[in-house]
Amino acid sequence: MSNISCSDTQKHAVNVAKVQDGMLSERNFLFMAELFKALGDYTRVRILYALSIHELCVCALAEVLDMSQSAISHQLRLLRAAKLVRYRKEGKNVFYALDDDHVRSLVTQGLDHILEDG
């Protein structure tokens, strides 16, 4: 605990209690940290952005990103483990897409944030 000096200790106590009541469980904080860790990689962000445009197979992603298929596959495994992408099989082909609209929203909001003025 820090030695914070507040002029309105009553309001401070109310605000602290409100925030403490709204805090997540340790488990949920760990899951959130893992999510942000998965999002914190240049290649994985590029993959997510590409998949926000259209679903693609590994070889198409490799072509779009100018990377090897094995490097793409490795990153897709991590993104699948984080529940950021899903796949579907069509014959021998496997197509990857964003897992759901929450992931699309993360990509869109991240882009909006970096492009905003100011």
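Since every read-out is calculated from the coordinates, none of them should be taken as a lab result. These numbers come from a predicted model, not from an experiment. As a convention, Cβ positions derive from the backbone with ideal geometry for all residues, glycine included, and neighbour counts pool all protein chains shown.
Table for the structure above
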read-out	value
Rounded tilt (10° steps) of 9-22 against the dominant C-alpha axis of the chain	30 degrees
Label-point separation, TYR49 to CYS6 (7 Å along Cα→Cβ), nm	4.2 nm
Per-pair calculated FRET efficiency, R0 = 35 Å: ASP21 and ALA97 via Cβ, rounded to 0.05	0.40
Per residue convex hull volume, Cα atoms of the chain, in Å³	172 Å³
Calculated FRET efficiency for the pair LEU30/TYR87, C-beta based, R₀ 30 Å, to 0.05	0.75
Reachable lysines, given that their alpha-carbon falls under 24 Å from the alpha-carbon of LYS92 and they are not under 8 places away in the same chain	LYS83
Extended-chain gain in nm, criterion 0.36 nm per residue less alpha-carbon gap, TYR42 and GLU63	5.9 nm
Top positive-direction residue, dipole computed over the stretch 41-118 with Cβ charges, set LEU76, THR43, HIS102	LEU76
MRE, 222 nm, helices only [DSSP H, n ≥ 4, -39500 (n - 2.57), over the chain, to nearest 500]	-20500 deg cm²/dmol
